[in-house]
Amino acid sequence: MSEWAISIVVVIVGGVVVVGAVVSVVVGILGRRRTVVSRSHEYVSDGRDQCLGRMGVENWGTEDDMSRSQSTHVKAHRTQGRILFVCARLIGAALLIWAYGRHRYIFYQLVKLVVVGVTVYGAFYAHTLKAKTWMVVFVIIAVLFNPFVPVHLNRHTWEVFDLAGAAILVVSIFLLKPASKDHLK
């Protein structure tokens, strides 16, 4: 595979990861209002409990039906988000390990862009879990690898940081998790 083909693949993967991270953060911030449809009811949650029945008050389901439906929807959404974040961290780690070899300058810039996207989202995710240590770790990695105000280091130092960053991303998959089931409520 030629270097140009590899560069195109890296651009596509990097773009998907960065756009996915930005969309996830925006949806996470703006998506405080969720709608769950259950039978003939529409349940709207914006932090307060409000029910809008399509056929009137007399057709509402029980409160348990609504809370179960909402809980299932929220858990499925959060599980999907965690799976995507695990994939993004694996891609970031793989690119950092791949950066250990010699490549064109644009490749390193794209790797930095992907790593910044993953770690900025990681800092946001750690903040939502109230994991301050992980939030600080992700912010430090994002500052170190940011392509906009580059940190100039020699090649050997970058190789060490690339491998350390990959190791941190992989370790965070196993250590950065919600503390308990109470977090999902």
Could you please report the charge total around residue 119, scoring K, R as +1 and D, E as -1 over all other residues with beta-carbon less than 11 angstrom from its beta-carbon?
+2
Hey, could you pull the Cα Rg and Dmax for the stretch 109-148, both in Å?
9.8, 31
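For the stretch 79-133, run through the trypsin sites (Lys or Arg not before Pro) and keep only the ones in DSSP coil with at most 13 other Cβ atoms within 10 Å of their Cβ.
Counting only loop positions with at most 13 other Cβ atoms within 10 Å, the trypsin sites (Lys or Arg not before Pro) in the stretch 79-133 are 102, 104, 130.
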To the nearest 20 debye, what charge dipole does the stretch 93-185 have about its Cα centre, counting +1 at the Cβ of each Lys and Arg and -1 at the Cβ of each Asp and Glu?
160 debye
Treat the count of other C-beta atoms within 10 Å as a stand-in for reagent exposure and order 116, 86, 137 from fewest to most.
86, 137, 116
Along the Cα→Cβ direction, 7 angstrom out, place labels at residue 153 and residue 84. What is the inter-label distance in nm?
3.0 nm
Distance histogram in 5 Å bins (all Cα pairs of the stretch 99-185, percent per bin)
3, 14, 23, 24, 15, 10, 6, 3, 2, 0
Taking a crude spin-label model, label points 7 Å out from Cα along the C-beta direction, the residue 140 to residue 167 distance in nm is 1.3 nm
How do 90, 153, 96 line up, fewest other C-beta atoms within 10 Å first?
153, 90, 96
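Since every read-out is calculated from the coordinates, none of them should be taken as a lab result. Computed from a predicted model, the values in this text were never measured in an experiment. Every residue, glycine among them, receives a Cβ derived from its backbone with ideal geometry; neighbour counts consider all protein chains shown.
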